[in-house]
Every structure is written in C-alpha cells, then in structure tokens.
Amino acid sequence: MMAGLFGRRRFKDLSEQEVLALAITSEEDDAQIYRWYAESLRPDYPASASALDEMAGEEDGHRRRLIEMHQKRFGPVIPLIRREHIAGYYTRRPVWLIEKMGVTRIREEAARMEADARDFYVNAAKVCPDGDVRLLLGDLAAAEAEHEDRWNSIEETDVPRDVRSAEDAAAHRQFILTYVQPGLAGLMDGSVSTLAPIFAAAFATGDTWQTFLVGLAASIGAGISMGFTEAASDDGVISGRGSPLLRGITTGVMTTIGGLGHALPYLIPHFWTATIIAFTFVAMELWAIAWVQKHFMQTPFWRATLQVVVGGALVLAAGVLIGQA
C-alpha cells in the first residue's frame with residue numbers, strides 16, 4: 001500500500017519479465033559503476049583500476065546472459081525498470097561520494113555490491129516460475145556469491161600485497177595532505193588565535209552574552225578567512241595536496257569549531273561557571289591538537305604538547321591581561 005502511494009512497485013508484484021528487466025539494468029549500472037571507479041583510480045592506483053575493469057567485464061557477461069534469456073522468453077523489447085522504481089530494493093551509493101573516500105573505501109564498496117547482487121538473485125529465483133529462468137538466476141546468484149572471494153583473488157592476482165601496500169600508503173598520504181594538514185592548521189588557528197579576543201572580552205565586560213557574541217564573530221570570521229586562504233594558496237596540481245575546495249572547506253570548518261569550543265560556554269549566564277568551563281574546553285582543544293600531531297604527523301607527543309600548550313598559554317594570558325587592564 002505505502003509503496004504504491006510513493007509510485008513504487010513491490011518486488012513480489014513484479015512479473016517474470018520485469019524481474020529479468022530489473023536484473024539487466026542492475027548489471028548495466030554495476031558495470032558502469034566499476035568502470036567509473038576504475039577511471040578515478042587509474043592515475044594513482046593502476047593495479048586496483050585493472051581489477052575493477054575485470055569486475056566490470058564480469059557484469060557485462062551477466063547482462064548478456066540475461067538479455068539472451070529475455071529474448072528467448074519474451075522477445076527483444078525489454079521494459080525499462082530500475083532500482084529506484086522498486087520499493088525496498090537495494091541501492092547503490094553515489095559514486096561521487098565513494099570515490100572521494102579513497103582506494104580502500106572503493107574496494108570495500110565493490111565487495112558490498114557483489115553481496116547485494118547475490119541476495120537479489122536468490123530472491124529473484126524464488127518468484128520466477130519458468131525453469132530456465134530460475135536456473136539462470138540461480139547460476140548468477142552462485143556467481144555473485146563467488147564474486148566476493150573472486151574480488152579477493154583478483155586483488156591477489158592484479159594487486160599483489162606489496163602493490164596494495166604501496167597504494168594504501170599513497171592513499172593515506174593523500175588523506176593527510178587533503179584533510180589532516182588543513183584541518184589541523186584550522187583547528188590550531190581557531191583554538192589559539194581566538195583565545196585572546198574571547199577572554200579579553202570576558203574579563204573586560206564580565207558579560208557572558210557579549211563575550212559569546214565576540215567569540216562567535218571571531219570564530220566565524222577566522223573560519224571564512226582561513227578557508228579562503230587555504231583554497232587560494234595552492235591548486236594542488238603540483239603539490240599533490242588534492243582539491244583546493246575540499247582543503248578550504250576542511251580548514252574553514254575546523255577553524256570555526258576550534259573557536260566555538262571556548263565561546264559556547266559563555267551561553268551560560270553565570271560568568272565564573274562559563275569561564276571555568278571555557279578554560280576546560282581550551283585544555284581539551286590543545287590536547288586534541290597535540291594528539292593529532294602525534295598520531296598523524298609523527299610529532300613526538302611531548303614536543304607537540306610543549307609547542308601547543310606554551311603557545312596557547314601565552315595567547316590566553318595575553319587575552320586575560322588585556323581584559324583586566
């Protein structure tokens with residue numbers, strides 16, 4: 001009932017011809033998705049791209065067998081039925097979303113796609129009465145069940161362990177350059193540079209609401225400034241640092257978050273309660289920065305802590321002293 005209200009068919013209401021048509025378009029889509037992933041990986045990860053090309057070829061073979069069965073049973077005209085027409089049918093995540101997550105995420109998505117296809121063929125075979133159709137769908141279900149193992153074997157053949165390790169290392173480096181470094185720079189700037197204006201306003205006025213407004217303005221202003229600066233500083237072509245838009249967004253968002261961390265407590269009307277909580281947030285922010293430097297940048301923790309704590313303490317002290325002047 002609800003499926004009909006939203007203009008979708010229920011899978012159990014499909015005819016045998018419609019099940020075959022759905023399987024054909026699904027295989028076409030999957031082959032196209034694999035090829036798109038392969039193209040996105042080819043410049044930096046040619047071995048994984050080759051494995052995905054092979055998977056696309058497998059899907060093409062399934063599609064041809066399904067079309068031949070449709071022609072045998074129902075003729076050459078195939079009704080157009082896609083995943084989005086069927087209520088509860090498995091979906092594919094947008095390729096633009098998955099490809100941005102790197103080679104490891106694409107490999108995981110390929111394995112998930114094969115598992116989804118296997119489940120579809122198992123259910124499809126149950127609703128088709130014709131013996132030949134059921135046999136074909138059962139064979140395809142078995143083929144898809146083997147594809148998860150097949151995907152692993154393809155990776156072992158086309159992407160040996162040493163090549164895969166090199167690709168994973170390159171993907172990790174790209175993640176560091178595109179997200180971690182810009183995000184860390186933003187968090188450091190937002191956490192440290194906004195300390196002075198926020199605490200100067202707090203101790204100068206003693207008004208938590210006015211302090212919050214100053215902190216909000218400083219955080220958002222710093223985020224916009226840092227975001228534009230990062231995006232405009234390097235197009236990423238030569239440095240390999242990735243999309244300037246992504247780096248700019250990452251830097252701007254993390255800068256804003258860094259400033260808001262010790263501005264939000266001033267929504268509390270009691271001055272000293274808000275200030276003590278803000279001090280606590282400052283300590284947490286500085287610890288988080290030191291942890292990221294150690295975990296992702298291989299900076300010794302004591303050195304990262306010393307740099308961040310000393311710098312943050314000096315800026316904080318400057319803000320308090322100016323506010324009390």
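Can we say ARG303 is touching a Leu at 6+ places or on another chain (Cβ under 6 Å), modelled with pLDDT under 80, in the same structural domain as ALA185 (by TED's automatic domain parsing) and charged (D, E, K, R)?
Answer is no for this residue.
Give the residues of the range 278-296 that are buried (at least 16 other Cβ atoms within 10 Å of the Cβ) and among the aliphatic types (A, V, I, L, M), sorted by residue number.
ALA278, VAL282, LEU286, ALA288, ILE289, ALA290, VAL292
For ASP30, are the conditions met, namely being out of contact with any strand residue (DSSP E or B) (no Cβ under 6 Å at 6 or more places or on another chain) and surrounded by 19 or more Cβ atoms within 10 Å (Cβ to Cβ)?
yes
Based on what the data block shows, is GLU39 surrounded by fewer than 15 Cβ atoms within 10 Å (Cβ to Cβ) and either within 22 Å of the chain's Cα centre (by Cα) or at pLDDT 85 or above (or both)?
yes
Between GLU148, GLU155, which is in contact with a Lys or Arg (Cβ under 7 Å, 6 or more places away or on another chain), at pLDDT below 80, farther than 30 Å from ARG247 by Cβ and part of a helix (DSSP H, G or I)?
Numbers: GLU148 fails: in contact with a Lys or Arg (Cβ under 7 Å, 6 or more places away or on another chain).
Checking each option against the conditions leaves just GLU155.
Does at least one position in the range 47-54 carry a residue that is under 30 Å from GLY131 (Cβ atoms), hydrophobic (A, V, I, L, M, F, W, C) and part of a helix (DSSP H, G or I)?
no
In the range 42-71, which residue that is more than 22 Å from ALA142 (Cα to Cα) and either basic (Lys, Arg) or modelled with pLDDT of 90 or more (or both) is surrounded by the most Cβ atoms within 10 Å (Cβ to Cβ)?
So the residue we want is ARG42.
The values are calculated or read from the model by the stated rules, or taken from the named source; none is laboratory data. Keep in mind that this is a model prediction, so the values were computed, not measured. All Cβ positions, even for glycine, are placed from backbone atoms using ideal geometry, and neighbour counts span all protein chains on display.
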